[in-house]
Amino acid sequence: MTEDHTHVQEFFTPRAADWDSRFPDDGPAYAAAVAELGLREGDRVLDAGCGTGRALPPLRRSVGASGVVVGADLTPAMLEAAVRAGRDRDGRLLLADVAALPLRSGSLDAVFAAGLVAHLPDPAQNLGELARVVRPGGLLALFHPIGRAALAARQGRTITPDDLRAEPNLRSLLAGSGWRMTSYVDEDARFLAMAVRES
């Protein structure tokens with residue numbers, strides 16, 4: 001296991017058991033962000049860095065019974081919490097690194113990623129791996145249920161110009177990883193950047 005993997009697992013493992021109870025009001029924000037993807041019946045979607053699987057129920061509702069929903073996360077304790085919450089009924093859970101997904105190239109219609117970007121060890125390469133598994137014209141939603149400024153205030157820090165999720169930085173990062181940003185929202189109540197997979 002790499003040092004980056006160890007760091008991520010050390011952060012999330014002790015938080016997994018009470019993760020959902022720490023953020024009990026996020027459900028509607030997740031559902032609204034999933035709706036922005038415009039998924040259709042039968043689509044195939046990945047929740048990258050799915051954690052406890054809070055996006056899996058709205059993703060399943062969006063793609064219906066004929067669709068495919070996969071949740072991938074690096075931390076076993078988070079996936080175990082997803083199972084305890086019954087969210088494994090809404091999608092297949094994979095213990096996997098988003099840097100090397102066990103999925104065929106072009107096999108998905110969309111990727112949903114909540115709170116993922118800040119935890120990527122190599123954002124350009126990792127977003128490129130997400131692009132690999134999505135068909136040309138497929139979509140990516142980078143979401144957080146709180147905006148950058150509000151999150152920084154909660155964590156007792158200030159936003160700097162080199163913040164990865166600042167619009168110009170993220171736009172450039174996505175462009176270099178096979179994506180074209182199509183929309184960007186950064187409000188106190190949510191962060192949502194949408195991108196389309198270039199052909």
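The values are calculated or read from the model by the stated rules, or taken from the named source; none is laboratory data. This is a predicted model, so every value here is computed, not measured. Here Cβ is always computed from backbone atoms with ideal geometry, including for glycine, and neighbour counts include all displayed protein chains. To get the accessible areas, we keep the full protein, side chains included, count just its heavy atoms, and leave off ligands, DNA and RNA. Shrake-Rupley method; radii C 1.70, N 1.55, O 1.52, S 1.80 Å.
Computed values, structure above
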| read-out | value |
| --- | --- |
| So L79, is it at pLDDT below 95, over 23 Å from Y184 (Cβ atoms) and not small (G, A, S) | no |
| Long-range neighbours under 6 Å by Cβ, at least six apart or interchain, first residue under 14 Å from A32 (Cβ atoms) within the stretch 169-196, second open to solvent by 60 Å² or more (accessible area, probe 1.4 Å) and assigned to a strand (DSSP E or B) | M194/T182 |
| In the stretch 32-62, the residues that are closer than 24 Å to P123 by Cα, among the charged types (D, E, K, R) and in a loop (DSSP other than H, G, I, E, B) | R54 |
| Any pair with Cβ under 6 angstrom, 6 or more apart, that starts in the stretch 27-51 at a residue that is farther than 19 Å from R92 by Cβ and ends at one that is modelled with pLDDT under 95 and part of a loop (DSSP other than H, G, I, E, B) | A29/P145 |
| Some residue of the stretch 36-45 being touching a His at 6+ places or on another chain (Cβ under 9 Å) and open to solvent by less than 30 Å² (accessible area, probe 1.4 Å) | no |
| Inter-residue pairs, beta-carbon under 6 Å, first among the basic types (K, R) and in the stretch 53-80, second open to solvent by 10 Å² or more (accessible area, probe 1.4 Å), 6+ apart | R54/Y30; R60/D90 |
| Criterion (in contact (Cβ under 8 Å) with a residue 24 or more places away in the chain, in a strand (DSSP E or B) and surrounded by fewer than 16 Cβ atoms within 10 Å (Cβ to Cβ)) met by exactly one of P121, P136 | P136 |
| Residue among A65, A99, A113, A29 that alone is of a type outside the set (F, W, Y) and either surrounded by 23 or more Cβ atoms within 10 Å (Cβ to Cβ) or in a strand (DSSP E or B) (or both) | A113 |
| Members of the stretch 53-62 that are on the phi < 0 side of the Ramachandran plot and crowded, with 17+ Cβ neighbours inside 10 Å | R54, A55, L56, P57, P58, L59, R60, S62 |
| Checking D18 against (1) surrounded by 23 or more Cβ atoms within 10 Å (Cβ to Cβ); (2) of a type in the set (D, E, K, R); (3) over 16 Å from L94 (Cα atoms), the condition it does not meet | (1) |
| Unique residue being surrounded by 15 or more Cβ atoms within 10 Å (Cβ to Cβ), at negative phi and not in a helix (DSSP H, G or I) when the list is V70, V8 | V70 |
| Of all residues in the stretch 183-193 being open to solvent by 10 Å² or more (accessible area, probe 1.4 Å) and of a type in the set (A, V, I, L, M, F, W, C), the one that is farthest from D122 (Cα to Cα) | A189 |
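Conditions tested, residue by residue: (1) out of contact with any Phe, Trp or Tyr (no Cβ under 6 Å at 6 or more places or on another chain); (2) modelled with pLDDT under 95; (3) assigned to a helix (DSSP H, G or I); (4) surrounded by 13 or more Cβ atoms within 10 Å (Cβ to Cβ).
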| position | (1), (2), (3), (4) |
| --- | --- |
| L127 | yes, no, yes, yes |
| L130 | yes, no, yes, yes |
| A150 | yes, yes, yes, yes |
| I159 | yes, yes, no, yes |
| D162 | yes, yes, no, no |
| P168 | yes, no, yes, no |
| M181 | yes, no, no, yes |
| A195 | no, no, no, yes |
